[in-house]
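The structure appears below as structure tokens.
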Amino acid sequence: MRHPFSITELTKLNKAILHADYDDGFVAFFNGVEVFRSSNLMDEDDTVPYDATTNIDHEAQLYTGLIPEAFVMDSIDIAQLLSVGENILAIQVHNVGETSSDMSSNFFFTFGITDESTFYDIPPEWFQPPVTFNESNLPILIIDTFGEEIPDDPRIPAHMGIIDNSSGINHINDPFTDYDGAITIELRGNSSQGQPKKPYRFETVDASGENNNVSLLGMPEENDWVLYAPWSDKTLIRNVLTYQLSNEMGWYASRTRHCELYLNGDYKGIYVLMEKIKRDQNRVDISKLDPDGVEGGDLTGGYILKFDWIWTGDNLGWFESNEGSLYNYHYPKPDEIASEQTDYIQQYINNFENMMMSNAYNEPQGYPFWLNVDSFIDYIMLQELSKNVDAYRLSTYIYKDKHSIDHRLYAGPLWDINHGFGNCDYGYTWLTNNWLLGYQATDDPIAFWWHKLWNDDGFEAAFSERYTELRSTTLSLNHIYSIIDSVANYLGPAIDRNFTRWPTLGTYVWPNYYVFDTYEEEIEYLKSWTADRLQWMDQEMLEVSDVSIFPKEYHLYDAYPNPFNPVTTLWYELPENTMVTITIYDMLGKKVKTLINETQDAGYQSIIWDATNNDGIPVSAGIYLYQIQAAEYSGTKKMVLLK
């Protein structure tokens, strides 16, 4: 497909966008030079054969009401690739396979013009000009791949700068304050690679390309990172919420930081910078297993295994147990694990599964000896709370340390909960009743021992006891609401920018069960679904005769976030219905604002402070005290307002 077009004044063109609406792949050329290709053709050589097929399918977007994928050219690209007079845009379209039933292509080329000149037709109604903004309270990530498209594999060199000012206010032209250096970057994910908003994995490297452990946005030093691209989860929160709950329950899950991403000058919206799951003292804290650790105690750990599809992503190394369960090697990596190590971990798993198949599986030398039962209880609890359709079969990790440290299997870390909390239209996972481990949600097999563990009376009793304990603290509805509200308030104006760039509100995005027109409705649905799910779980699991779901004592928690700008959330516990007063003071002891002065019900409570005084006037940056007075209890803590 070739389309000629003419340019009369090249110097007036400062930006151009090629919108590509295609099924399944494409290569775009200007004047015979390749400029863009779809990510599912990145495995091909420098020249893509006309009859090449894509490595994954890609659906067109316009017919579903979404905006096509955008590819941006800056003024330098325009000057190098285009010329005054006639130019040719050529598109080479590809299908996912010779037997595929559909193939389509619609392409739109739009210029940014430096003045009021009108050279061409008006852009389509759905067209959105590039998003620009003056400031953000989120960190800003700026990545430059030096004109190269990011492939699935291998990672390519790039530069990344992070703006995260101590004031909490960031501008796109500010100096890089958190990181300014080299990275290597690639696409990540399975089905998520087909979405217009791409997810990425990158490594921080030094000038010679070697791994460079650094701290990003306050997270512990490492070199492996993920840029998660919230797409079907229009709250932008589900993963962040669940990982925080896991960490509060005492089990590592990836630390997260929301940010705004610019990639090669193109605003990509809100992303979540996250830690990649790997063995590390600040991540999955198990022993290092070197390739020469092939005998004695060294051979026994650590290992990380994963349940997932065996043909995609990092999962190109796996084994099948004697009982037919499929396990992927995650650590050591499939291309690094020694044959003695594969023999050991396979035999370990076979021995474990033999025990689970035996009549003595629930005796003291059965699963209580083989598993860290507490980790499995909490892991299953969060999977069941979210009713995550992928649980136990995809993105599911287990690990073990060296035998001399701990011989048991652990569950976790949690990963990929974006289709949880009612955000899925298959497997009956939108319903708030029933246990995932009580039925087969999809055709993907689940290792038999998950069900057997779940159906054991002793495990159920321990699960019920732990659930009852957590319902008055970490899993209290007020606490979960406070996390959701805190994150939504923190995202602030960036929410509108994200949905201007990706106008998915009011539009079905696979696998949404409900489609809402506004972000506020998305948040309300997340809250109401969670409340209904907890109510059903309460009926199934609460030991109401033995343990109260209310707090046992008064407690004032640390504000979150802290430092903050412009809002923070104060959390506290009330063991009984009582009169509550919460007051903000400056460091001179002068009263700034009374947040609450009323009788409140027992439970886990929270209140948001928007950094204003009693007259509604914003206060200046500095250190503030917040004090709670409830019955005979009084507590005071500090918080820092940044501007």
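Here are a few things to note about the model shown:
- Remark on the stretch 202-352: Rg and Dmax equal 17.8, 54 Å (Cα only).
- Looking at the chain alone, DSSP beta bridges between its own residues are antiparallel in about 95 percent of cases.
- Three-way shape call for the stretch 428-579 based on the alpha-carbon gyration tensor, with the a/c threshold at 1.5: oblate
- Taking a straight Cα-Cα cut-off under 23 Å and skipping sequence neighbours fewer than 8 places away in the same chain, the lysines within cross-link reach of residue 591 are 637, 638, 643.
- In terms of Cα atoms, the Rg and Dmax of the stretch 478-548 work out to 16.0, 52 Å.
- Counting only residues at least eight positions apart within a chain, or on another chain, the lysines with an alpha carbon under 30 Å from that of residue 278 are 197, 198, 234, 268, 288, 306, 333, 387, 400, 402, 452.
- Dipole-positive endmost among 572, 617, 561 within the stretch 555-641 (Cβ charges, Cα centre): 617
- Where trypsin sites (Lys or Arg not before Pro) fall in DSSP loop in the stretch 273-379, at most 16 other Cβ within 10 Å: 278, 288
- Relative contact order for the chain: 10 percent, from Cα pairs under 8 Å spaced at least 6 residues apart, divided by residue count.
- Mean sequence separation of contacting Cα pairs (under 8 Å, at least six apart), scaled by the length of the stretch 2-113, corresponds to a relative contact order of 50 percent.
- Per residue Cα convex hull volume in Å³ - calculated over the stretch 296-470: 122
- Backbone phi angles across the stretch 62-74, fed through the Karplus curve with coefficients 6.51, -1.76 and 1.60 (θ = phi - 60°), yield HN-Hα couplings of 4, 5, 8, x, 8, 8, x, 5, 10, 10, 9, 10, 8 Hz in residue order; Gly and Pro are listed as x.
- At 1.567 mPa s and 4 °C, Stokes diffusion of the stretch 111-247 via Kirkwood alpha-carbon radius, µm² per second: 74
- Nearest-20 debye value, the stretch 2-113 charge dipole, Cβ charges on Lys, Arg, Asp, Glu: 620
- For the stretch 599-643 versus the stretch 324-380, the inter-centroid distance based on Cα atoms is 48 Å.
- Euclidean distance between Cα centres, the stretch 244-280 to the stretch 81-134, Å: 32
- Backbone HN-Hα couplings from phi across the stretch 125-138 [Karplus 6.51/-1.76/1.60, Hz, Gly and Pro as x]: 4, 7, 5, 10, x, x, 6, 10, 7, 8, 8, 8, 8, 8
- The stretch 2-113: translational diffusion in µm²/s, Stokes-Einstein, Kirkwood Rh over Cα pairs, 10 °C, 1.306 mPa s: 107
- More than 42 Å apart - percent of Cα-Cα pairs taken over the chain: 31
- When the Cα positions of 111, 404, 131 are compared along the charge dipole of the chain, 131 comes out farthest toward the positive end, with charges on each C-beta of Lys, Arg, Asp and Glu.
- Taking 0.36 nm per residue of sequence separation and removing the Cα-Cα distance, the residue 581/residue 121 pair yields an extension gain of 159.4 nm.
- Gap separating the Cα centres of the stretch 383-450 and the stretch 475-500, nearest whole Å: 25
- Restricted to Cα atoms, the stretch 555-641 shows a radius of gyration and a Dmax of 12.4, 36 angstrom.
- For the peptides 48-56, 5-13, the ranking by packing is 48-56, 5-13, with the highest mean count of neighbouring Cβ atoms within 10 Å listed first.
- Each residue of the stretch 510-525 was assigned a 3J(HN,Hα) from its phi angle through the Karplus curve 6.51 cos²θ - 1.76 cosθ + 1.60 (θ = phi - 60°); the sequence is 3, x, 3, 8, 10, 10, 10, 7, 10, 5, 4, 5, 4, 5, 5, 5 Hz, with glycine and proline shown as x.
- Normalised contact order of the stretch 296-470, rounded percent, pairs of Cα under 8 Å and 6 or more residues apart: 23
- Å³ per residue enclosed by the Cα convex hull of the stretch 33-172: 178
Since every read-out is calculated from the coordinates, none of them should be taken as a lab result. Keep in mind it's a predicted model, so treat the numbers as computed, not measured. In this analysis, Cβ positions are derived from the backbone assuming ideal geometry, glycine residues included, and neighbour counts consider all displayed protein chains.
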